[in-house]
1. Taking region 331-428 as the region of interest, what is the percent of Cα-Cα pairs per 5 angstrom bin, listed from the shortest bin to the one with the maximum distance?
2. Quickly work out the Thr187-to-Asp327 label distance, labels modelled 7 Å from Cα along the C-beta direction, and quote it in nm with one decimal.
3. Please report, in whole Å, how far the alpha carbons of the chain spread along each principal axis, starting with the longest.
4. Quick check on region 1-54: take the gyration tensor over C-alpha atoms, sort the square-rooted eigenvalues as a ≥ b ≥ c, and tell me if it's rounded (a/c under 1.5), prolate or oblate.
5. In debye, nearest 20: dipole of region 331-428 around its Cα centre with unit charges on the Cβ of K, R (+) and D, E (-)?
6. Near the amide H of Met305, under 5 Å away, which other amide H atoms are found, from residues 5 or more places off or on another chain, if H is placed in the peptide plane?
7. Between Ser382 and Ala57, how many nm apart are label points set 7 Å from Cα along the C-beta direction?
8. Over what distance in Å are the Cα centres of region 309-367 and region 59-134 separated?
Amino acid sequence: MSFLLPDQPLDSLDDWVALGGGDGLEAARRLGRDGTIDELRASGLRGRGGGGFPTGAKWAGVAAGRGTHRYVVCNAAEGEPGTFKDRRLMRDNPYQLVEGVAIAAFAIGATEAFIGLKASFTKEIDRLQQAMVDMAAAGLLGDVPIRLVPGPEEYLLGEEKALLEVIEGKDPLPRLLPPYLHGLFSTAPQMGWIPGAAQAGHRGAHESNPTLVNNAETLSNVPWILARGPEWFRTMGTPSSPGTVVATVVGDVARPVVAEVEMGTRLSALLNGPAGGPLPGRSWKAAFSGVANPVIDQSRFDMPMTYEDFTACGTGLGAAGFIVYDDSACMVNVARIFSQFLAVESCGQCPPCKLGSAEITEGLERIEAGTGTDDDIATIGSWLGKVTDGARCYLATEERDVVSSILRCFPEEFAEHLESGRCPRPRDLLVPKIVELDDGRATFDESQSRKRPDWTYAPA
Ligand SMILES: Cc1cc2nc3c(=O)[nH]c(=O)nc-3n(C[C@H](O)[C@H](O)[C@H](O)COP(=O)(O)O)c2cc1C
Ligand code: SF4
């Protein structure tokens with residue numbers, strides 16, 4: 001069952017109109033702002049950016065927020081290793097995303113809307129720009145201006161509080177408060193203030209500008225739900241996770257792929273079906289949903305892809321970008337490359353996050369090289385207990401969850417390194433920050449391994 005990903009990329013707006021393009025925006029106008037939000041709530045759509053937050057509730061919260069201005073931001077930054085689904089959606093059908101943004105902007109009464117993505121996504125930028133020009137000419141763009149904002153390569157670009165900073169022309173450093181409390185171009189200080197009220201010592205009324213941030217796939221679902229109704233959407237998936245999910249699979253599989261499957265499909269069916277199964281002569285050991293969630297060991301590959309099943313198994317569905325490893329991979333190496341990625345990408349505003357993830361990475365490096373000791377295990381354990389202290393964003397939690405889960409799940413691999421003084425499964429692994437995924441081939445960003453903790457790059 002698939003509707004978000006067409007068999008062939010859409011060539012023109014006419015192709016989108018033939019699929020019902022424009023019907024969603026028309027339905028939203030007919031239903032009115034509250035009716036549109038009610039429809040979203042009834043559909044049970046949950047955010048596809050990683051957290052699975054109920055979309056209708058998010059829209060209602062922002063629409064009810066105080067202040068004179070509200071904004072919509074489409075998060076198309078897609079920086080999570082192992083994901084390519086937002087880029088596939090933007091390439092294959094940019095129209096549904098733009099219509100979703102227009103409907104969201106209408107529903108929450110936005111002044112302006114933004115689509116934030118990496119400047120390096122040139123194909124996607126071209127597709128979106130053309131779609132917006134064509135939709136404007138056909139009167140299908142809605143009444144709220146939509147602006148594309150190209151941003152830097154950093155993983156934090158996709159963190160919603162950092163994305164707002166970038167849209168305001170600053171670096172991707174997460175601000176303190178969430179977008180619904182401290183939105184775009186907000187003039188209010190971030191602590192000790194009441195939204196909308198003037199503060200002593202400040203001139204003029206403060207504005208909190210509640211801002212809605214939704215992932216590109218989340219917003220791509222919106223026109224379909226408005227056009228076909230929440231009951232139609234609920235015919236797919238489970239009561240708690242309705243609809244489909246656009247999953248990415250890379251790593252030790254025969255065919256790296258982006259595939260749309262019904263929510264509730266077993267992970268093993270995705271891996272053995274669209275992703276073509278394991279490589280010849282190999283068996284799978286583990287999978288990760290991005291670098292944000294605890295490891296899924298092979299014994300749990302039959303679990304259904306829903307938010308509730310993944311949570312019940314002690315992990316998370318995340319953005320459904322699966323990184324798969326087989327029996328030739330060293331899990332200490334995997335822990336090291338994930339931790340190194342997070343340590344480099346950490347912005348350093350919260351010292352335990354930057355220092356802790358770097359210390360954990362160094363300990364893992366020594367263990368992987370065979371020079372580690374029990375002290376390294378103890379130091380890693382100690383940092384895992386405090387790396388999230390005072391964290392402004394979820395990156396520090398990712399470090400804690402992913403590394404501690406590998407330690408818990410594969411203790412024998414750590415022991416092997418400590419006892420033998422060498423890595424029993426030496427193999428070069430690259431953190432799968434995808435730059436291209438087509439025809440069963442994935443290409444990863446090799447420059448990531450040269451990126452330094454201050455976000456500069458060592459010479460090649
Ligand atoms: C370090 C970090 C990176 C993130 N990167 C992305 C991203 O690239 N795209 C995205 O949609 N969400 C990303 N998120 C999640 C967003 O902060 C936010 O939760 C999401 O855009 C909300 O949209 P949704 O409700 O539609 O899922 C990231 C979060 C963190 C902590
Ligand atoms: S938790 Fe880490 S990445 Fe997030 S704001 Fe703090 S230092 Fe930066």
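1. Answer for region 331-428: a P(r) of 2, 16, 27, 25, 16, 9, 4, 1 percent.
2. Taking the two extended label points, one gets 6.7 nm.
3. Taking max minus min along each principal axis of the Cα atoms, the chain gives 69, 58, 42 Å.
4. On the way: a/c = 2.95, a/b = 1.27, b/c = 2.33.
Note, shape of region 1-54 comes out oblate.
5. Details: 10 positive and 17 negative charges, 50 e Å.
The dipole magnitude comes to about 240 debye.
6. Gly264, Thr265, Arg266, Leu267
7. Calculated label separation equals 4.0 nm.
8. If we compute the Cα centre of each part, the gap is 28 Å.
Here, each number is a calculation from the coordinates, and none is a lab measurement. The structure presented is a predicted model; accordingly, all values stated were derived computationally and were not measured. When we count neighbours, we look across all protein chains shown, and the Cβ atoms used for this are built from the backbone with ideal geometry, even at glycine.
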